[in-house]
Each structure stands twice: as structure tokens, then as C-alpha cells.
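Enquirer: Got a structure for you, questions after.
The values are calculated or read from the model by the stated rules, or taken from the named source; none is laboratory data. The model shown is predicted, which means the values in this text are computed figures rather than measured ones. A quick note on method: Cβ atoms are made from the backbone with ideal geometry, for glycine too, and the neighbour counts reach across all protein chains shown. For the accessible areas, the whole protein counts, side chains as well, though only heavy atoms, and no ligand, DNA or RNA atoms are used. Shrake-Rupley method; radii C 1.70, N 1.55, O 1.52, S 1.80 Å.
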Amino acid sequence: MESTGSTNTIDQLLREQSGPGHPVTDRDIKRARSSAYLVHGNFDALARACDDITTTGLVKVEGSADESDVANEVFRLVHNYVSSLYSYNEQIRDILTKRLDREITKHSFLPNRNDAGAPEYTRRLAFLWGLRNDFQHGDYWCLSVKLETSRETFDYYHLYFEKQDFEATPEGSLDESGDYLAHAPDNDQRYPLPYIGDFHRNLFTEFEQHFESWCNRNQE
């Protein structure tokens, strides 16, 4: 059934407010927290590489570094973040499936372009899930790193998303790779680092809290 106005993201994702059908175990909680810990750690590493990840998103590099080396390091940090984020959501999906005694498919976490009722968390997540999909196949062509400016002893680089080179494979409920891009304006996706900064500090942290609140409704 449709959610009836709950502000809890898990309720919105499941389109119901009933809570776990079977008690959530301490092991479930520990698994989720361990996965979240990795996401937070990878985000912190990415944020430290930036001047201010949520505003300019500029990567700050001391000295005159080779642009290819800078690009590879940024790709590594983004790859680590989106991969751990994917693993976290798969962990949550597995716990929901077991405690509700029904399969929660990727459809819930990957809303298609016509799903206007999906929670903001999953709508914004879709783009990052798409990046992870592209990275999984070793394809980084959808991202480029370019020198933006130099000040004093530091160079500042922008990470850009190149939409025309995005070739993620559709999966879950998605009919085409473009569905990964359907829930955020092009200008937001154009600059992935501020996108990640806003997503993590607001939506991810909130989702983590909402999941534990959902678990508390029926916990051993």
C-alpha cells in the first residue's frame, strides 16, 4: 500500500508503515553499522581532498601535480565511495527482505523515471548507483578532471560528469541507462562532488537514522 505521510524514509521506500514483521537482530544492526562506517570513512577521505565538497567541490592539490595522477586519485576516491554506498544499500535491502519475509527488490532502491512518489533518498541515489555501475566495468569516461584555477601554492581541479559518455547498464527496475539520470537536474549531475557532499551529509545520514528507527519497532 502507499505510504500515508510518514517522514521515515524506510516507510516511504516500502510504501507502508508497519515495521519489521520479524524481530531485527543485534547482528543485523551491527552489519548495517559496519557498512555505514565504510561509507562515512570513504566520504571523509573524499571530502579531505576538496577545498569544500558541498559548495565548490574543488579538489585541492599542493604543488604542480600531473593532471593524470590527480584524475586517477579522484577516480579512486569516488570509486571507493560509490562502491561502499552500493554495498550498504544492498546490506539494507537484504535485512529488509529477511525481516519482512518478502523480497525487497532493487526496484525499491532504483526508481524509474515515472516514479515520482519515490523518496528523495532513492531518487538522488540513482545517479550515484549509475556511476558505480559504470565504474564496475572499468569505464571512467563519463568523468573528467580539469584544472580550474591556481592560487598561491595550490592547484584546484573540478570533477565533471560527461553525460554523453555515460554507458551504465540498466538493472533492477530501470529500462535504460538514462533512468539513472532521471531524478536530478543536469546541472546537479554536472558536478558530482558537490552532489555527493549534499547527498551524504543530508540524505545518507538521515537514511541511516531512519533505518535504525524502523528497526526499533521490532527489535530483539
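Enquirer: Give all pairs with beta carbons closer than 7 Å in which a residue from region 93-117 that is without any contact (Cβ under 8 Å) to a residue 12 or more places away in the chain meets a residue that is assigned to a loop (DSSP other than H, G, I, E, B) and open to solvent by 40 Å² or more (accessible area, probe 1.4 Å); count only pairs at least 6 apart in sequence or on separate chains.
Expert: So the pair list comes out as Thr97/Glu103.
Enquirer: Go through (1) free of Cβ contacts under 8 Å to residues at least 40 places away in the same chain; (2) touching a Phe, Trp or Tyr at 6+ places or on another chain (Cβ under 8 Å); (3) not small (Gly, Ala, Ser) one by one and return the number of the condition Tyr140 breaks.
Expert: Just one mismatch for Tyr140, condition (1).
Enquirer: Could you list, in sequence order, the residues of region 180-195 that are of a type in the set (Asp, Glu) and more than 15 Å from the chain's Cα centre (by Cα)? Give the steps one after another, and end with the answer.
Expert: Residues of region 180-195 of a type in the set (Asp, Glu): 186, 188.
Across region 180-195, the qualifying residue is only Asp186.
Enquirer: Considering only residues that are within 14 Å of Leu193 (Cβ to Cβ) and either small (Gly, Ala, Ser) or open to solvent by 40 Å² or more (accessible area, probe 1.4 Å) (or both), which ones fall in region 77-109?
Expert: Within region 77-109, His79, Asn80 meet the criteria.
Enquirer: Checking the structure you have, find out if any residue of region 53-61 is open to solvent by 60 Å² or more (accessible area, probe 1.4 Å) and assigned to a helix (DSSP H, G or I).
Expert: No, region 53-61 has no match at all.
Enquirer: Here are Asp94, Asp44, Asp26, Asp11: which of them is touching a strand residue (DSSP E or B) at 6+ places or on another chain (Cβ under 9 Å), at pLDDT 95 or above and farther than 14 Å from Val145 by Cβ? I'd like the intermediate steps shown before the answer.
Expert: On the way: Asp94 fails: touching a strand residue (DSSP E or B) at 6+ places or on another chain (Cβ under 9 Å); Asp44 fails: touching a strand residue (DSSP E or B) at 6+ places or on another chain (Cβ under 9 Å); Asp11 fails: touching a strand residue (DSSP E or B) at 6+ places or on another chain (Cβ under 9 Å).
Matching residue, one of Asp94, Asp44, Asp26, Asp11: Asp26.
Enquirer: Would region 25-46 turn up any residue that is surrounded by 13 or more Cβ atoms within 10 Å (Cβ to Cβ), in contact (Cβ under 8 Å) with a residue 12 or more places away in the chain and not in a helix (DSSP H, G or I)?
Expert: Yes, there is a match, as at least one residue in region 25-46 is surrounded by 13 or more Cβ atoms within 10 Å (Cβ to Cβ), in contact (Cβ under 8 Å) with a residue 12 or more places away in the chain and not in a helix (DSSP H, G or I).
Enquirer: Just checking: which of the helices (runs of 4 or more DSSP H) contained wholly in region 139-220 hold 3 or more residues that are open to solvent by 30 Å² or more (accessible area, probe 1.4 Å)? Show your work before the answer.
Expert: On the way: elements: 186-190, 192-198, 205-215.
Ranges flagged: 186-190, 205-215.
Enquirer: I would also like to ask the following. Step by step: first the residues of region 122-152, then only those that are polar (S, T, N, Q) and at pLDDT 90 or above, then the one that is nearest to Thr56 (Cα to Cα). Which residue is that? Outline the logic, then answer.
Expert: Pass one, region 122-152, residues polar (S, T, N, Q): 122, 133, 136, 144, 149-150.
Pick out the ones that are also at pLDDT 90 or above and you get 122, 133, 144, 149-150.
On the way: Thr122: 24, Asn133: 25, Ser144: 16, Thr149: 12, Ser150: 14 Å.
Only one residue fits best here, namely Thr149.
Enquirer: On the given criteria, is Leu131 open to solvent by less than 50 Å² (accessible area, probe 1.4 Å) and more than 15 Å from Ser173 (Cα to Cα)? Spell out the reasoning first.
Expert: Working: open to solvent by less than 50 Å² (accessible area, probe 1.4 Å): yes; more than 15 Å from Ser173 (Cα to Cα): yes.
Yes, satisfied.
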